[in-house]
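*Asks:* Pasting a structure below so you can have a look.
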Amino acid sequence: MALRFYNTLTRSLQEFHPVEPGIVGIYACGPTVYQLPHIGNYRTFLLNDLLHRYLQWKGYRVKFVMNLTDVDDRIIEQALARGVAIDEFTEPFIRGFFDDQQALNIRPADVYPRATRHVSEMVTLVERLLERGHAYLVDGSVYFAISSLPQYGRLSRIDLSHMRAGERVASDRYEKEDVRDFALWKAARDEDRRVGAVWPTAWGDGRPGWHLECSAMSMAELGESFDIHTGGEDLIFPHHEDEIAQSEGATGRPFVRFWLHVKHLLINGEKMSKSLGNDYTLRDLLQQGHSATAIRYLLLSAHYRKELNFTFDGLEDARAALRRLLDFQDRLERSPPGDEGGDSALPDLARTGLADFEAALDDDLNAPAALAALFTFVRETNAALDRGTAPAAHLEQVRHALRRMDEIFAVLDLARAEGQVDARFAAWVEERLAQRQAARARRDFARADAIRAELSAAGVLVEDTPQGPRWRREAPRTGPASA
RNA sequence: GGCCCCGUAGCCUAGUGGUAAGGCAGAGGUCUGCAAAACCUCGAUCCGGCGGUUCGAAUCCGCCCGGGGCCUCCA
């Protein structure tokens, strides 16, 4: 079956084939490290993770590049306010970003190029643009001349004709020939010097414009033409449009073949924004007792091109759905095998489950449809196991299918890690369970139920099975019920 | 104003021409000492509203209502 992606460039679903067979280059717009990423950023990062994991799952060799924007207006402003150099200012946010990536079980990129560490490539790119007549210099700043590139606007399909050339925009500190032009390089100001955001060039000291880093670093890591570029929908214009202009202007070659953009997240039905105070960071949510696995699951559970409404109720639902998957995995592990020569529906279920799962993801990474395939597989396998035992080899096939599917969603191990309890606590639980079993054996159910209540109060849920009692920590409330 | 997206059961989310998939929540049942888990059954006679195209539309077209995004540095 064929893998298809919705390409913003063509506004249509297109079969995906990498430039080099078997090898895929992906560039993802990463965080600007002036604050910790918020939950909306993570929707985008998790789409990247889904893409990254799925292409590897399909057998592609993937080179995944995610940049860190560690110099920009906001960073300079805030570094200035604190009286520190930009590197010192951004350092904790970079660390926080990596901590969060790990907490959400996001597969690391192969490279995380930082803008400040790749200025020479950017300068070279500006030189090429100047040489080719796509850029011009004004007072030490360099601008891209949009009029020099007829195909400008192809990605965003934006009509720039209503913006009048030559108009001076009051809020703009820099002088451009045409309002539509954008800065490739910004001449150094005093403030920039004070926070170490200055690099020397032939045309004077300054710092790179925002769009420039992505063109320079992506081409440095992946070549002048590469397969996939991702980002949030807000980046289509101007950021990605300008990246294309810079890159194609400099090389004369097509820059990116597939552009994938993630729709923005809503929170409780509202736009996420600082003024509403709903721009939660992962840290905020974890401190409120929410589970990273539930957050991961929830953010992956809607198709990336559709609006997703993030709510705390949704987080609870996600947790319950995860519980079902964990119980299923647990059941597979503890299911006693039947006769070797016996038959079961399991191999068939594993096969169709995986096929449906793959077909869903092939269709523009349709994660909700993939989850539907996963849960259908779970229900039907549970039903088959209710009907009777299966040979060990059959059990192994469904275990394998579940593992394969979880390579994409990557929630099972994460959830287990979250459910870990310390050994002393576990020993205490086991001791109480032994007491309870003794009480049950002498049919002293009042005593047995009292112990169960005691354990429940300690956050332990007891289940009696034909193989004896089992227990698990009851997932804690993942946050204030009123939230 | 320009460009674009969305509105599916109580909630969340797939489906985009052939009669609605999955999760959560809910009801009944099987199992259980009782529970829990699992399984079985039930739930949208219908997919914001109205009109149209079609043998046939949630899916295409038009209008209306409601929500959202982008339009120079917000993922």
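The values are calculated or read from the model by the stated rules, or taken from the named source; none is laboratory data. Since this is a predicted model, take the numbers as computed values, not measurements. For neighbour counting, all protein chains shown are included, and Cβ atoms are generated from backbone atoms with ideal geometry for every residue, glycine included.
*Asks:* Taking into account only those residues within the range A:357-380 that are more than 9 Å from RNA strand B (Cβ to nearest atom) and not in a loop (DSSP other than H, G, I, E, B), which is surrounded by the fewest Cβ atoms within 10 Å (Cβ to Cβ)?
*Replies:* Among those residues, the one meeting the criterion is A:Ala359.
*Asks:* State which residue is nearest to A:Val179 (Cα to Cα) when the search covers only the range A:237-268 and only residues that are within 7 Å of RNA strand B (Cβ to nearest atom) and touching a strand residue (DSSP E or B) at 6+ places or on another chain (Cβ under 6 Å).
*Replies:* A:Val262
*Asks:* I'd like to know if the range A:426-442 contains one or more residues that are modelled with pLDDT of 95 or more, surrounded by 20 or more Cβ atoms within 10 Å (Cβ to Cβ) and of a type in the set (Lys, Arg).
*Replies:* yes
*Asks:* From the list A:Arg194, A:Arg207, A:Arg168, which residue is assigned by TED's automatic domain parsing to the domain that holds A:Met66, surrounded by fewer than 18 Cβ atoms within 10 Å (Cβ to Cβ) and modelled with pLDDT of 90 or more?
*Replies:* A:Arg194
*Asks:* Of the residues that make up the range A:49-65, is at least one within 11 Å of RNA strand B (Cβ to nearest atom) and not assigned by TED's automatic domain parsing to the domain that holds A:Val411?
*Replies:* Going through the range A:49-65, the residues within 11 Å of RNA strand B (Cβ to nearest atom) turn out to be none.
Checked against the condition, which is being within 11 Å of RNA strand B (Cβ to nearest atom) and not assigned by TED's automatic domain parsing to the domain that holds A:Val411, the range A:49-65 yields no hits at all.
*Asks:* Further question: Give the residue, chosen from A:Leu326, A:Leu282, A:Leu276, that is buried (at least 22 other Cβ atoms within 10 Å of the Cβ) and more than 6 Å from RNA strand B (Cβ to nearest atom).
*Replies:* A:Leu282
*Asks:* List every residue pair whose Cβ atoms lie under 7 Å apart, where the two residues are 6 or more positions apart in sequence or sit on different chains, the first residue falls within the range A:295-319 and is farther than 10 Å from A:Arg43 by Cα and more than 6 Å from RNA strand B (Cβ to nearest atom), and the second residue, located anywhere, is modelled with pLDDT of 95 or more and β-branched (Val, Ile, Thr).
*Replies:* A:Tyr297/A:Val411; A:Leu315/A:Ile295
*Asks:* Inspect all residues belonging to the range A:261-271 and state whether any of them is surrounded by fewer than 20 Cβ atoms within 10 Å (Cβ to Cβ) and assigned to a helix (DSSP H, G or I).
*Replies:* Narrowing the range A:261-271 to residues surrounded by fewer than 20 Cβ atoms within 10 Å (Cβ to Cβ): A:263-264, A:266, A:268-271.
Next, from what is left, pick out any that are assigned to a helix (DSSP H, G or I): none.
Within the range A:261-271 (the criterion being surrounded by fewer than 20 Cβ atoms within 10 Å (Cβ to Cβ) and assigned to a helix (DSSP H, G or I)), the answer is no, since none of the residues qualifies.
*Asks:* Still on this structure: Hey, can you tell me all the residues within the range A:383-418 that are of a type outside the set (Val, Ile, Thr), out of contact with any Asp or Glu (no Cβ under 6 Å at 6 or more places or on another chain), surrounded by 15 or more Cβ atoms within 10 Å (Cβ to Cβ) and closer than 26 Å to A:Val462 by Cα?
*Replies:* A:Ala384, A:Leu385, A:Leu395, A:Arg399, A:Leu402, A:Leu414, A:Ala415, A:Glu418
*Asks:* Now a separate question. Quick one: in the range A:217-235, which of the residues that are within 21 Å of A:Tyr34 (Cα to Cα) and either assigned to a helix (DSSP H, G or I) or in contact with a Ser or Thr (Cβ under 6 Å, 6 or more places away or on another chain) (or both) is modelled with the highest pLDDT?
*Replies:* Here the answer is A:Met217.
*Asks:* Select, from A:Ala360, A:Ala367, A:Ala383, A:Ala415, the only residue that is free of Cβ contacts under 8 Å to residues at least 40 places away in the same chain and within 26 Å of A:Leu299 (Cβ to Cβ).
*Replies:* When all the criteria are applied, what remains is A:Ala360.
*Asks:* Yes or no: the range A:67-86 includes at least one residue that is in contact with a strand residue (DSSP E or B) (Cβ under 9 Å, 6 or more places away or on another chain), closer than 30 Å to A:His400 by Cα, surrounded by 17 or more Cβ atoms within 10 Å (Cβ to Cβ) and not β-branched (Val, Ile, Thr).
*Replies:* No, the range A:67-86 contains no residue that is in contact with a strand residue (DSSP E or B) (Cβ under 9 Å, 6 or more places away or on another chain), closer than 30 Å to A:His400 by Cα, surrounded by 17 or more Cβ atoms within 10 Å (Cβ to Cβ) and not β-branched (Val, Ile, Thr).
*Asks:* Ok, one more. I want to confirm something. Restricting to the range A:9-31 and keeping residues that are within 30 Å of A:Phe97 (Cα to Cα) and within 16 Å of RNA strand B (Cβ to nearest atom), which single residue is surrounded by the fewest Cβ atoms within 10 Å (Cβ to Cβ)?
*Replies:* Looking at the filtered set, the residue picked out is A:Leu9.
*Asks:* Residue pairs, Cβ under 8 Å, 6 or more apart or interchain, first in the range A:435-459 and closer than 14 Å to A:Arg472 by Cα, second acidic (Asp, Glu) and surrounded by 12 or more Cβ atoms within 10 Å (Cβ to Cβ). List them.
*Replies:* A:Ser456/A:Glu474; A:Gly459/A:Glu474
*Asks:* Ok, one more. Out of A:Ser275, A:Ser247, I need the residue that is without any contact (Cβ under 8 Å) to a residue 24 or more places away in the chain and out of contact with any Pro (no Cβ under 8 Å at 6 or more places or on another chain). Which one?
*Replies:* A:Ser275
*Asks:* State whether one or more residues within the range A:82-101 are in a strand (DSSP E or B), at pLDDT 95 or above and within 30 Å of A:Leu285 (Cα to Cα).
*Replies:* no
*Asks:* Please verify whether A:Ala383 is under 20 Å from A:Arg334 (Cα atoms) and part of a helix (DSSP H, G or I), treating the condition exactly as stated.
*Replies:* Yes.
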